[in-house]
1. Keeping the other protein chains in place, figure out the carbon and sulfur percent of the accessible area of the chain, with a 1.4 Å probe.
2. Rounded to the nearest 500, what is the 222 nm mean residue ellipticity of the chain from helices alone, with -39500 (n - 2.57) per DSSP H run of 4+ residues and division by all residues?
3. Accessible area per residue of the stretch 73-211 at 1.4 Å probe, in Å²?
4. For the stretch 63-159, what is the Kirkwood estimate of the hydrodynamic radius, computed as the reciprocal of the mean inverse distance between distinct Cα atoms, to one decimal in Å?
5. Could you report the accessible area of residue 201 in Å², rounded to 10, computed with a 1.4 Å probe on the protein chains as they sit in the structure?
6. Over 32 Å apart: what share of the alpha carbon pairs of the chain falls there, rounded to a whole percent?
7. With θ taken as phi - 60° and the coefficients 6.51, -1.76 and 1.60, list the Karplus ³J(HN,Hα) couplings across the stretch 27-35 in order, rounded to whole Hz; mark glycine and proline as x.
8. Which three extents, in angstrom, do the Cα atoms of the stretch 1-90 have along their principal axes, listed largest first?
Amino acid sequence: VSGDVLGRALDRTVRAASKEETRYYLNGVAMQFREGVIKTIATDGHRLIVEKIAGDELPDVIIPTKAVNEIKAICAANGTVELSVSATKIRCVGTDTVYTSKVIDGTFPDWTRVVPAWSDSVLTVGATAMSEAAARVALVATERTRAVRLSVEADGVRLTVRGSDGGNAEDYVEGKWAGSGGVEIGVNAAYLADALQLAEKGELDISITAPMDPIRVQLHESPDTIAVLMPMRV
C-alpha cells in the first residue's frame, strides 16, 4: 500500500483510540476488510473515526496504539510499504525496516451500529472556520463543564461554552442549515475540535437528527472519512 495513504489513515483514526486499560480492546486501531476496501476504525466510546483505503483482503485485527505510531513512522519514510497480517501479528516492511508487533487479542465492537444514518437535517459550514471556532471555545472548557452547545440556525451555528470557573466563550460560524427550525445539541468541546481538524479545507457537513442522538461529520474534501460524536447534556 502507499505509505502516505496508510500513514494518513492511521494518523486520523488513532486520535479516537481509548486510553482506558479496562477497555483494552479499544486501545488501538481496528483494521477490517469490508465492501472491497480496508477500513481503519478507532473509538473510545464517546467518539468514532473511520477511514477507507484501497487494499487487499486481510483478517480483522486491532493494532495497539504504540504499534500504530511505529507503523506511521515507517510509512512517513517510505513511498510504499508492505503489510502482512495474521490473527496474532502484524508486520510492516519498508525499504530498510521490518517492524513486527502482536495485535490486541480481543473483539472490536460492531461500530456500524454506532454510525447514524445520514439525515436530511444537515449543517454545512466552512471547514477552517468551524474548526478554528471550536478550538477557540474549547479553551475555556474544563473537565467538569466540557460541553459546547451548538445552537443551529438557518444561516449558521453559535458555539457556546460556560466554564465553571466563570470563564465563558461564544463564537459564531456562518453556514447553511437544511433542517426545519433550529436545533440545539451539546458535544464534548475538545472532541469536536479534534474531529473538525480532520478537515484541511473546503466544507463539511454535520448531520443532526435529534438533540440526544449522535452527530455525524462528513468532509467534502475527504468523503471516505466519517467522524461520529456522542451528545452531551448542556
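The values are calculated or read from the model by the stated rules, or taken from the named source; none is laboratory data. Note that the structure is predicted; figures quoted are calculated from it, not measured. Areas reflect the complete protein model, heavy atoms only, side chains present, ligands, DNA and RNA absent. Shrake-Rupley method; radii C 1.70, N 1.55, O 1.52, S 1.80 Å.
1. 47
2. -6000 deg cm²/dmol
3. 52
4. Final number for the Kirkwood radius of the stretch 63-159 is 18.0 Å.
5. Counting only protein heavy atoms, residue 201 exposes about 130 Å² to solvent.
6. 24
7. Karplus-based 3J(HN,Hα) across the stretch 27-35 equals 8, x, 10, 7, 10, 9, 9, 9, 6 Hz.
8. Its Cα atoms span 35, 28, 23 Å along the three principal axes.
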